[in-house]
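The values are calculated or read from the model by the stated rules, or taken from the named source; none is laboratory data. Here the structure is a predicted model, which means the values were calculated and not measured. Positions of Cβ are generated from backbone atoms using ideal geometry, with glycine treated the same way; all protein chains shown enter the neighbour counts. Each accessible area value is taken on the protein alone, full model and side chains, heavy atoms only, with ligands, DNA and RNA left out. Shrake-Rupley method; radii C 1.70, N 1.55, O 1.52, S 1.80 Å.
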Amino acid sequence: MLMARRNDSNPFEEEEDVNPFANPPSIPPVSNSRLLPLPSKPAGFYNDYGATIDIPLDTLNALKKKEKELKIKAEQLNKRETELKRREEAAVHAGIVIEEKNWPPFFPIIHHDIASEIPIHVQQLQYVAFASLLGLVACLFWNFMAVTAAWIGGEGVKIWFLAIIYFISGVLGAYFLWYRPLYRAMRTESALSYGWFFLFYLLHIAFVVYAAVAPPIIFKGKYLAGILAAVDVIGDHVIVGIFYFIGFGMFCLESLVSIWVLKQVNMYFRGGGQAAEMRREAARSAKRAAI
């Protein structure tokens, strides 16, 4: 009983309603604030909407001069653009094709688009001719490597310079003297371009056959990785000899591919009637020369 008396009131009795807003707790007085009162109007020129800004006369003159120069430059650019369009239209009417460099893709140096510019029935032949060009590049580059190995082995520096000359002149000469004429002939059916191709492609075949044999006729030394040079050098330097034998095999393969390309182009040339057109063109040229 004594413990019950010490406890709170009966828990089963109804609780009294407690109003949370009654007798609000006293709020301690706010101490002196250090904030300064804001000005009633913003300072600076934002408040004065009717104020005028004085711009120096020199600045106005400079702006007008700059504007005039920009107008002159715009007129010049418009004139140049019009002139370029006129030239492009004239080139199209004259049959001149503007070629954009697109090959190789990572560093374009030439224009080459067989799939879009060469007729579909001769695209395979053009691709093989292009492989022949790349094969010549590979042969001359390997020849340079083999001759460099021979030079290191003590064969003399003259053959190394000759290998560099063969590489540069062979690659550029092959592209400009027989591959581009063939590409142009396949694209435009030009009999004259076919004539240029046959002339210089025969020289190309003669060169690769000569390189495969490598006789010491023109220059003495092992400047071409042919069979005779390979047999001569393998007795002294086995590794250099292997390099030369690989070069001999590459030149032989290039010779076979080139002969096949020449045969196929000749068959297409005669079957398409370009031979007769070439003879007529040669007759007209001789007539003009005689007159």
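Side notes on the structure shown:
- If you go through the stretch 175-199 and pick out every residue that is surrounded by fewer than 21 Cβ atoms within 10 Å (Cβ to Cβ), of a type outside the set (Gly, Ala, Ser) and over 16 Å from residue 137 (Cα atoms), you end up with 8.
- Of the set (1) modelled with pLDDT of 90 or more; (2) under 26 Å from residue 122 (Cβ atoms); (3) out of contact with any Cys (no Cβ under 7 Å at 6 or more places or on another chain), all apply to residue 224 but (2).
- Residue satisfying condition, being surrounded by fewer than 15 Cβ atoms within 10 Å (Cβ to Cβ) and in contact with a helix residue (DSSP H, G or I) (Cβ under 9 Å, 6 or more places away or on another chain), within set 221, 235: 235
- Single residue of the stretch 94-152 satisfying the filter (part of a loop (DSSP other than H, G, I, E, B) and charged (D, E, K, R)) that is modelled with the highest pLDDT: 113
- Test: residue in the stretch 260-273 that is assigned to a loop (DSSP other than H, G, I, E, B), at pLDDT 90 or above and over 18 Å from residue 127 (Cβ atoms): no
- The residue list 228, 172 contains one member that is within 30 Å of residue 267 (Cα to Cα), open to solvent by 40 Å² or more (accessible area, probe 1.4 Å) and free of Cβ contacts under 8 Å to residues at least 24 places away in the same chain, which is 172.
- Some residue of the stretch 157-171 being within 20 Å of residue 197 (Cβ to Cβ) and in contact with a helix residue (DSSP H, G or I) (Cβ under 6 Å, 6 or more places away or on another chain): yes
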